[in-house]
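One structure is given here, and the rest of the page talks about it.
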Ligand code: SF4
């Protein structure tokens, strides 16, 4: 069976976030640009409530997730919440499109005289401050931005184009979603703005190559979903197959029998972090050891920051506050790694009164300053941009951050023995 773009995990797709004022035409822009109905389009302000995430294949960009967000200016009851969700979408955005309407600045030069014209201009310039604020937000995050001026069939886009060029140096693209004019140029401009090396990162880096034997230790315990493997295991296996590695997969209890059948030890053993200590004790000394979670720490996040964060554990006390963030929202299971195992390991070391908060899904506090350490799961369900947004938040507030695999390796005393890509 062939592999379609729908098989690309969401976290690996190019996330294109589309932002703009309520009903500035951004939803119809998305529909015109993708050739598909992504959003509900209406003339009523506030139609796009929660961001809509839609996976699609767009030539020449490849597998993308298009995010249609709530309007910046939404003042309905849920406005604050909608803006909050737009912020979350912005954190996940690899490439931002800010849509303006040409008629926003279309009244300049209406013949009412210089004073009125100046006032008019001041008014529409003020109305654009929200867009410019978001532009600066993206720039600070090194997220490429494309300005699009829509509705060029109803108003002269020049005043707006000149203003934006003058303020930001960005050259806006002129489009009309009604006539479809400019859509090809939008795709070409987006393709030019795709962040360099996007999608080229390897999970296993250069740790192994063709013909190297890699052993995967994957306990299928109560936490493992029934009848399937979890995403980090699937993606790592796929990458190793692409690299033409030789792969041997075992459950923990079959590690020793499997090793006994081999003429030479595996070059690399990748284990589930939960059995790090056991695998370390039983592995051949020639085999390098790492975990799925450590590999994903580098793939999705900032491994050096995570290692530094794990070492901060040694400075914790019983009065410390720790935040554990798990991206999946499944109901807690017995022996759950984030709610049971890691807290137990920490409390054993620092005392029963250690305060540990758990969050899941996209819940991640804006204010981290009350925490002495943040421990993040492997985050395989999120895109790298979003995980890096979390790390940036922790860095800005000088809060150490680490992830499950790195912290378990540290607490097991084998962090120095673990190889990292
Ligand atoms: S997102 Fe986090 S909790 Fe969910 S499977 Fe991936 S590593 Fe585990």
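Listed values, structure above:
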item: Close pairs from region 182-208: first farther than 18 Å from residue 237 by Cβ, partner modelled with pLDDT under 95 and not in a loop (DSSP other than H, G, I, E, B), Cβ under 6 Å, at least 6 apart; result: 183/32; 183/33; 186/33
item: Any hit, region 157-165, residues being under 28 Å from the mean Cα position of the chain (by Cα), touching a residue at least 24 places away in the same chain (Cβ under 8 Å) and in a loop (DSSP other than H, G, I, E, B); result: no
item: Selection within region 218-238 - under 24 Å from residue 280 (Cβ atoms) and either in a loop (DSSP other than H, G, I, E, B) or away from the ligand (no atom under 16 Å from the Cβ) (or both); result: 218, 219, 220, 221, 222, 223, 224, 229, 230
item: Region 276-297, residues that are crowded, with 21+ Cβ neighbours inside 10 Å and either more than 16 Å from residue 402 (Cα to Cα) or more than 16 Å from the ligand (Cβ to nearest atom) (or both); result: 276, 279, 283, 289
item: The one condition in (1) at pLDDT below 95; (2) touching a helix residue (DSSP H, G or I) at 6+ places or on another chain (Cβ under 8 Å) that residue 356 fails to fulfil; result: (1)
item: Residue list for region 319-353, filter: modelled with pLDDT of 95 or more and assigned to a strand (DSSP E or B); result: 321, 322, 323, 324, 325
item: Residue in region 338-353 that is without any contact (Cβ under 8 Å) to a residue 40 or more places away in the chain, under 21 Å from residue 223 (Cα atoms), in the same structural domain as residue 399 (by TED's automatic domain parsing) and surrounded by 18 or more Cβ atoms within 10 Å (Cβ to Cβ) present; result: yes
item: Residues located in region 362-391, provided they are under 20 Å from residue 66 (Cβ atoms) and either out of contact with any strand residue (DSSP E or B) (no Cβ under 9 Å at 6 or more places or on another chain) or part of a loop (DSSP other than H, G, I, E, B) (or both); result: 362, 381, 382, 383, 384, 389
item: Qualifying positions in region 368-391 - away from the ligand (no atom under 16 Å from the Cβ) and touching a helix residue (DSSP H, G or I) at 6+ places or on another chain (Cβ under 9 Å); result: 368, 371, 372, 373
item: Residues of region 395-421 satisfying the condition of being in a helix (DSSP H, G or I) and surrounded by 24 or more Cβ atoms within 10 Å (Cβ to Cβ); result: 404, 405, 406, 407, 408, 409
item: Filtered residues of region 197-212 (kept if touching a strand residue (DSSP E or B) at 6+ places or on another chain (Cβ under 7 Å) and under 13 Å from residue 290 (Cβ atoms)); result: 207, 208
item: Enumeration of residues in region 292-318 that are without any contact (Cβ under 8 Å) to a residue 60 or more places away in the chain and either part of a helix (DSSP H, G or I) or out of contact with any helix residue (DSSP H, G or I) (no Cβ under 9 Å at 6 or more places or on another chain) (or both); result: 304, 314, 315
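The values are calculated or read from the model by the stated rules, or taken from the named source; none is laboratory data. Since the structure is predicted, the reported quantities are computational estimates derived from the model, not experimental observations. For neighbour counting, all protein chains shown are included, and Cβ atoms are generated from backbone atoms with ideal geometry for every residue, glycine included.
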